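S.K.: The structure is given below, and queries will be raised subsequently.
The values are calculated or read from the model by the stated rules, or taken from the named source; none is laboratory data. Please read these numbers as outputs of a predicted model, since none were measured by experiment. In this analysis, Cβ positions are derived from the backbone assuming ideal geometry, glycine residues included, and neighbour counts consider all displayed protein chains.
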Amino acid sequence: MVCAGRAARIGPGSLRQVIVDMPATAVGVKQERRLPLPVAMVAAVGGGVAMLLAFPPYGVWPLAAVGVALLAGATHRRRPRAGAGLGFLTGVAFFAPLLGWTNLHTGSLPWVLLSLLQAGYLALLGAATAWVSPLVDRFRWGWPVLTGVLWVAQEALRDRTPFGGFPWGRLAFSQDGSPLLRFAALGGAPLVTFAVAVIGGLLVAAAWAAWSAGRHPGRRWMPVAGALVAALAVPAVGLLVPIRADGGGETVTVAIVQGNVPRLGLDFNAQRQAVLNNHVEATVELADQVAAGARPRPDLVVWPENSSDIDPLHDASAGSRIQSAADAVGVPILVGAVLRGPGEGQVRNAGLLWLPGTGPDLDQLYTKRHPVPFAEYVPFRDVARLVSKQVDRVRSDFVPGSTPGVLAVGPVVLGDVICFEVAYDEVVRDTVTGGAQLLVVQTNNATFDVAEARQQLAMVRLRAVEHGRPALMASTVGVSGFVSPDGRVSDATEFNTRAIVVRQLHLADGDTFATRAGLWPEVTLTVLAVAALAAGGVWRRARGAATAGTPVRGRQDGA
């Protein structure tokens, strides 16, 4: 009577009937089972390891969904505080080894801080997953969708905060060899992440139903089979998504010059002349091969990011060296250059078009729009110096550009993005909506390792499918290569080697559905996540009001 009286006062309609229909755990009459805390902790760590193995260089892409399922199962029916702790365990187990390349030349502290920061977002996800547990208990078949929207919302937040975000480790970037990659043509990286997380939700729903059926022999096993069939159906549907096999338009021949560096590590900056010479000499070698008929004449040569860290617009010697290479090969070179200005003590990370005979075309210049904090510029430098003296290696702050990297180069319009920018949805999309027919990623992996390079190439594959464009990645040390609009990689180079690759590409025009949709898939899924969290709050308040004064059998502890 006390519960009924309180329920009648909460809201319109017969909330009493709703409470009657709720599972026992919702009214506090009987504590439903959850994973024992030690088992949940093992599952949380296992989830992080499984997700790690889904990414390059391992590339076991089905394990991404398994990792999602393990975290969802670990946090189910726990308090948000415990869910946050379990999510943090997953995050540390995932991000610490995934980002291990960040500590190769800068020491452990920046790597530890970055890994812990990224793990904090999975802590928020764990808390959110625990928060919506009552909804899952009430609407068991909503588990996959709830899991999917919460993952997309978590990544949307992590991709933008702080200092512009750090999208490395998005579930979508683990699917470069998966049928789920095709979903990028419909909704970009957010839809691929959603598909992976939905499969994870189906797996945990199947596992939970199997556990329940095992404890109650009278229960049916059909829900288990249904969830597993649905999990297999998602990638099967992905295979049906139409994508372009090639650009289908005019052809262009492009050469990538990977000049390599004398030594890997942060000291590549002290080797600036040698790095520039390597790229000049490799381009002259290409010119000799073209003259001998050993290679086709390219329409464009692409050098990587940092191929000229000596500003060729201010240093006559550097400019002369680049000019000699352009004149020898007889076609434009897209040079990755560090340019001084616009202000005193400022520099720009740029893609600069250099023409044979006439030199730099300053009308075809792209300045990197998203410099990397603490690597290309240092926010709160005095405070950051207390954390690591390595910040003083960044002597001048890179200033961001303001316009997309759309460059007209003879027969082709390029969409140029530089290094980590390939991870940011809007930076790449802006080039395509600006008319780009070929996506170009200029990057410098000399301070990292082959794992980082292959993770970056996976992002290029997703962008090619997302926008239906051929793409290429040009690196100082590798991995460089070409990517077709269906995500296939051709002529991939080895790491820490000098290489020249030349390929004929079919250009592409027109937009995919993902290009036209832009941010809307991510916004829609994020709004649904917020709605789910709000519904979880309403449900919990209703449950709390309904159970006031009702004896509870069993103890709900803080975990």
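S.K.: Part of a helix (DSSP H, G or I) and surrounded by 21 or more Cβ atoms within 10 Å (Cβ to Cβ): is that true of Leu286 in this structure?
M.R.: yes
S.K.: Right, here's the next one. So if I check each of Leu186, Leu180, which one is touching a residue at least 24 places away in the same chain (Cβ under 8 Å), of a type in the set (A, V, I, L, M) and surrounded by fewer than 24 Cβ atoms within 10 Å (Cβ to Cβ)?
M.R.: Selected residue: Leu186, the only one of Leu186, Leu180 that is touching a residue at least 24 places away in the same chain (Cβ under 8 Å), of a type in the set (A, V, I, L, M) and surrounded by fewer than 24 Cβ atoms within 10 Å (Cβ to Cβ).
S.K.: Exactly one condition in (1) aliphatic (A, V, I, L, M); (2) in contact with a helix residue (DSSP H, G or I) (Cβ under 8 Å, 6 or more places away or on another chain); (3) under 30 Å from Val450 (Cα atoms) is false for Val132; which is it?
M.R.: The number of the failed condition is (3).
S.K.: Of the residues that sit in region 313-346 and are buried (at least 24 other Cβ atoms within 10 Å of the Cβ) and not in a helix (DSSP H, G or I), which one is nearest to the chain's Cα centre (by Cα)?
M.R.: Gly336
S.K.: Quick one: is Pro379 under 28 Å from Ala156 (Cβ atoms) and either modelled with pLDDT of 95 or more or in the same structural domain as Leu472 (by TED's automatic domain parsing) (or both)?
M.R.: yes
S.K.: Quick one: which helices (runs of 4 or more DSSP H) lie wholly within region 431-548 and hold at least 3 residues that are more than 29 Å from Glu376 (Cβ to Cβ), touching a residue at least 24 places away in the same chain (Cβ under 8 Å) and in the same structural domain as Trp168 (by TED's automatic domain parsing)?
M.R.: The qualifying helices (runs of 4 or more DSSP H) are 520-547.
S.K.: Please identify the pairs in which a residue from region 242-265 that is at pLDDT below 90 has its Cβ atom under 9 Å from the Cβ atom of a residue that is assigned to a strand (DSSP E or B) and surrounded by 15 or more Cβ atoms within 10 Å (Cβ to Cβ), counting only partners at least 6 apart or on another chain.
M.R.: Asp246/Leu505; Asp246/His506; Gly247/Leu438; Gly247/Leu505; Gly247/His506; Gly248/His506; Gly249/His506
S.K.: To continue, here is another question. Taking Gly401 and the conditions (1) surrounded by 24 or more Cβ atoms within 10 Å (Cβ to Cβ); (2) touching a strand residue (DSSP E or B) at 6+ places or on another chain (Cβ under 6 Å); (3) outside any helix (DSSP H, G or I); (4) not acidic (Asp, Glu), which numbered condition does it fall short on, given that it satisfies the others?
M.R.: Result: Gly401 fails condition (1) only.
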